Structures are given as structure tokens and as C-alpha cells.
Amino acid sequence: MPGKPGKATRAAAALPALGALAYTAWLLEVLVRTGLDPVRTYVSELAAADQPLGGLFRTTDLAAGLLVLAGALTGLAATRSHGPWALGGWIALAVFGAATVADSRLPLSCAPTADPECAARESAGLVPATHTAHAISSSLAMTGALAAMIALTVAARRYGHWRPLARTGPALVVLELAATAWTLAAVAAFEAGGGTWSLGVGQRLQVLLVAVWLAVLAGSLGRRAR
């Protein structure tokens with residue numbers, strides 16, 4: 001049986017909550033003019049090297065990744081006896097955090113969905129290697145996030161440790177899968193020259209659902225600690 005929850009469990013609750021807050025910094029585009037259309041553009045284009053607020057969004061991405069990574073490692077230590085699903089989920093969450101840190105250090109040089117010249121250079125392979133590296137780290141981040149959502153939600157339902165997550169996690173996972181499918185289809189359409197298919201909306205929904213799930217996870221851990 002797991003030991004009595006203590007400081008580690010409280011830290012494991014606080015860190016993903018703060019990470020979720022930092023991960024939704026892109027919502028500032030509602031209040032601040034960015035010059036990018038949220039319906040059509042990638043979230044990561046807000047942090048592109050040529051964007052006026054790129055430094056701000058790269059910093060918040062870095063903070064989000066570090067906070068989630070620290071929370072995952074703390075959660076792994078605090079709940080290591082909670083079964084294999086929990087173990088796998090914390091490892092996947094750590095991958096998400098680490099890949100998000102990498103994302104923040106590998107920004108796009110320009111915004112391809114908003115700038116035709118940037119898109120043309122990207123198609124011709126004339127952009128920095130960070131574009132390819134960013135695509136890899138972003139894919140790894142979302143794969144880690146989705147794996148963590150599934151595994152830790154299964155752990156919550158199977159072992160009964162985190163009741164709020166057990167109740168709401170399945171719905172969030174289904175919505176995340178739908179948003180991911182939308183995003184991937186939109187990316188494929190854009191790369192094939194078929195428009196963006198509201199790529200920005202799909203990806204923003206995808207990212208927002210991860211943040212909501214992190215908040216639910218944090219609340220579940222905090223409730224158990226109390």
C-alpha cells in the first residue's frame with residue numbers, strides 16, 4: 001500500500017498546476033495583438049524568432065516544460081507504488097515536459113502558415129534546421145502528453161487513487177484524441193496545399209485540453225494530499 005501522502009505529493013500537485021498555467025500563455029493573444037490569425041496558425045508560430053512576442057512565448061513554453069518535468073519526476077517518486085499504469089504515465093509526462101523544453105529552445109524562424117515566403121522557403125528546404133527539429137520535438141511532446149493522459153487516467157480508474165481524474169479523465173482523453181486527429185488532418189492538408197482546415201483552432205483545442213487535464217491531475221493529487 002502507498003505511504004501517507006506528504007510534501008512530495010503536494011509538490012507533485014502544485015508543479016503540474018503551474019505548468020498548466022504557463023502552457024496556456026498563448027491565450028494572451030485574445031488580449032494582445034500578435035499579427036497571427038488564431039484560426040489558421042500554429043500555436044508555436046507565436047514563439048517564432050521573427051515574431052514580436054516570440055521571446056515571451058518561448059519563455060512561457062520553457063517554464064511550462066520545466067514545471068511539468070519536475071512535477072512528473074516528483075509524482076513518480078511520490079506514487080511509485082501505484083502500479084504500472086501510473087509508472088508509465090509519469091514517464092510519459094516527463095517526456096512531454098522535456099520535449100516542451102526542447103520546443104522552446106528550437107523555435108521556428110518564421111511563421112509558415114501566415115507568411116507565404118516563409119512557407120515557400122520551408123518547402124524548398126531553405127529554412128534553418130530548427131524547423132525540422134521543432135517538428136520532431138513537438139510531435140514527441142504531444143505523443144508524451146497523450147500517452148500520459150491515457151495511462152494516468154487508466155491508473156486513476158483502476159486503482160482508485162485520484163477520483164476527480166477517474167471521473168473526468170476519460171472524456172478529456174476522447175476529446176484530446178479528436179482534437180489530435182483534427183490537427184493532423186489539417187497539417188496534412190496544409191502541407192499538400194489544400195488550405196489550413198482551421199488548423200489553429202484544432203491545435204489550440206489540443207493544447208488547451210492538455211492543460212485542462214494537467215489541472216485535473218493537479219487537483220486530484222492535491223485532494224489526495226489533503
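Under the criterion of Cα pairs below 8 Å and six or more residues apart, the relative contact order for the range 67-226 equals 21 percent. Within the chain, helices built from complete DSSP H runs that reach 15 Å or longer along their own axis (Cα positions) and carry a mean Kyte-Doolittle hydropathy of -0.5 or higher are 7-23, 54-78, 84-105, 130-159, 163-191, 199-225.
In the chain, a dipole from Cβ-located charges (positive for Lys and Arg, negative for Asp and Glu) runs towards its positive end, and of 194, 156, 145 it is 156 whose Cα lies farthest in that direction.
Placing unit charges on the Cβ atoms only, positive for Lys and Arg and negative for Asp and Glu, gives the range 147-226 a dipole magnitude near 660 debye about its Cα centre. Judged by the gyration tensor of its Cα atoms, with axes a ≥ b ≥ c, the range 75-136 is prolate; a/c meets the 1.5 cut and a/b is the larger of a/b and b/c. Near residue 106: Cβ cut-off under 12 Å, other residues only, Lys/Arg at +1 and Asp/Glu at -1. The net charge is 0.
Accessible surface for the chain, divided over its residues, is 46 Å² per residue with a 1.4 Å probe. GNM on the chain, C-alpha springs below 10 Å: top fluctuator among 55, 169, 194? Comparing 55, 169, 194 in the GNM, the peak value goes to 194.
The residues 142, 149, sorted by heavy-atom accessible surface at 1.4 Å with ligands and nucleic acids left out, run 142, 149 from largest to smallest.
In Å, what Kirkwood hydrodynamic radius results for the chain from the alpha-carbon pair distances? Result for the chain stands at 17.8 Å. Computing the accessible area with a 1.4 Å probe over protein heavy atoms, can you report the carbon and sulfur percentage for the chain? So the carbon and sulfur contribution to the accessible surface is 67 percent.
GNM remark for the chain: springs join alpha carbons under 10 Å apart, and the peak mean-square fluctuation among 119, 179, 94 falls on 119.
Each Lys and Arg adds +1 at its Cβ and each Asp and Glu adds -1 at its Cβ; summed about the Cα centre, the chain shows a dipole of about 1560 debye. Using the Cβ-Cβ distance between residue 7 and residue 159 with R0 = 22 Å, the FRET efficiency computed as 1/(1 + (r/R0)^6) comes to roughly 0.50. Our estimate of slack between residue 123 and residue 191, defined as 0.36 nm per intervening residue step minus the Cα-Cα distance, is 23.6 nm.
In the P(r) worked out for the range 114-177, what percent of Cα pairs fall beyond 20 Å? Please list the in-between numbers first.
Details: 1004 of 2016 pairs.
Tail of the P(r) past 20 Å holds 50 percent of the pairs.
For the set 39, 30, 210, the ranking by accessible area, highest first and with no ligand, DNA or RNA atoms included, is 30, 39, 210 under a 1.4 Å probe.
With +1 on the Cβ of every Lys and Arg and -1 on the Cβ of every Asp and Glu, and nothing else charged, how large is the dipole of the range 77-205 about its Cα centre, in debye rounded to the nearest 20?
Charge dipole, the range 77-205, about its Cα centre: 780 debye, nearest 20.
The values are calculated or read from the model by the stated rules, or taken from the named source; none is laboratory data. These numbers were taken from a predicted model, which means no experiment stands behind them. All Cβ positions, glycine included, derive from the backbone under ideal geometry; neighbour counts span all protein chains shown. When the accessible area is computed, the model is the full protein with side chains, heavy atoms only, and any ligands, DNA or RNA have been set aside. Shrake-Rupley method; radii C 1.70, N 1.55, O 1.52, S 1.80 Å.
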